[in-house]
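All remarks here apply to the structure that follows.
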Amino acid sequence: MQLDLLRHAKSSWADPDQDDHERPLNARGEAAAGAIGRYLAARGDLPTRVLCSSARRARETWERVARELPSEHQLELVVDERLYLASPGALLECLRALPRRVENALLVGHNPGVAQLAGALAREDPFNRNLDTMRAKYPTAGLATLQLADPWDELVVGRADLLRFLTPRELA
């Protein structure tokens, strides 16, 4: 089973009085999310279930990603308010609730929870440069791809292989 952990793309701070939950993406964030979507489409092993924070910037990130995926690709989108600024433990519990039939899942969320969860799930590997890069900085629209050793309901930390950590800058 495979898990993609996507931090939402860059959001706008144009209106300092705007509620944090309702902040939209800025132009850079829109471009980055589109680039991640094109990468996923080219990669081919697409998620069949997407868990997305209810925050506007997370939903808009997913919408921009989804525009780049093949139109015939079938997936289930779950927008969940529990994912908004969730702790790694809360994110893990949401993942553990996924049905075993889901082979590939993508979670769109926020830091620090997404970065901390990715770092916790990944197996220690001194030769994996992706792991060092990911743990040093998990920027907006950063995407970690993990190969899971366990089914969702038995998911434990430290047993997944980090296959790739990708940032929008790498795709520019």
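Data table
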{"read-out": "Looking only at region 142-157, and only at residues there that are touching a Phe, Trp or Tyr at 6+ places or on another chain (Cβ under 9 Å) and in a strand (DSSP E or B), the one that is farthest from Gly109 (Cα to Cα)", "value": "Thr145"}
{"read-out": "Looking only at region 57-81, and only at residues there that are more than 15 Å from the chain's Cα centre (by Cα) and assigned to a helix (DSSP H, G or I), the one that is surrounded by the fewest Cβ atoms within 10 Å (Cβ to Cβ)", "value": "Glu81"}
{"read-out": "Test: residue in region 103-119 that is part of a loop (DSSP other than H, G, I, E, B), exposed (fewer than 14 other Cβ atoms within 10 Å of the Cβ) and modelled with pLDDT under 95", "value": "no"}
{"read-out": "Residue in region 20-33 that is outside any helix (DSSP H, G or I), within 28 Å of Asp153 (Cα to Cα) and out of contact with any strand residue (DSSP E or B) (no Cβ under 6 Å at 6 or more places or on another chain) present", "value": "no"}
{"read-out": "Which numbered condition Ala9 fails, given (1) surrounded by 17 or more Cβ atoms within 10 Å (Cβ to Cβ); (2) out of contact with any Gly (no Cβ under 6 Å at 6 or more places or on another chain); (3) hydrophobic (A, V, I, L, M, F, W, C)", "value": "(2)"}
{"read-out": "Residues (surrounded by 15 or more Cβ atoms within 10 Å (Cβ to Cβ) and farther than 21 Å from Leu171 by Cα) located in region 13-30", "value": "Arg23, Pro24"}
{"read-out": "Members of region 140-157 that are under 21 Å from Arg100 (Cβ atoms) and not hydroxyl-bearing (Ser, Thr, Tyr)", "value": "Leu146, Gln147, Leu148, Ala149, Asp150, Pro151, Trp152, Asp153, Glu154, Leu155, Val156, Val157"}
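The values are calculated or read from the model by the stated rules, or taken from the named source; none is laboratory data. Because the structure is predicted, anything quoted here is derived from the model rather than measured. Cβ sites come from the backbone with ideal geometry, for glycine too, and all protein chains shown count toward neighbours.
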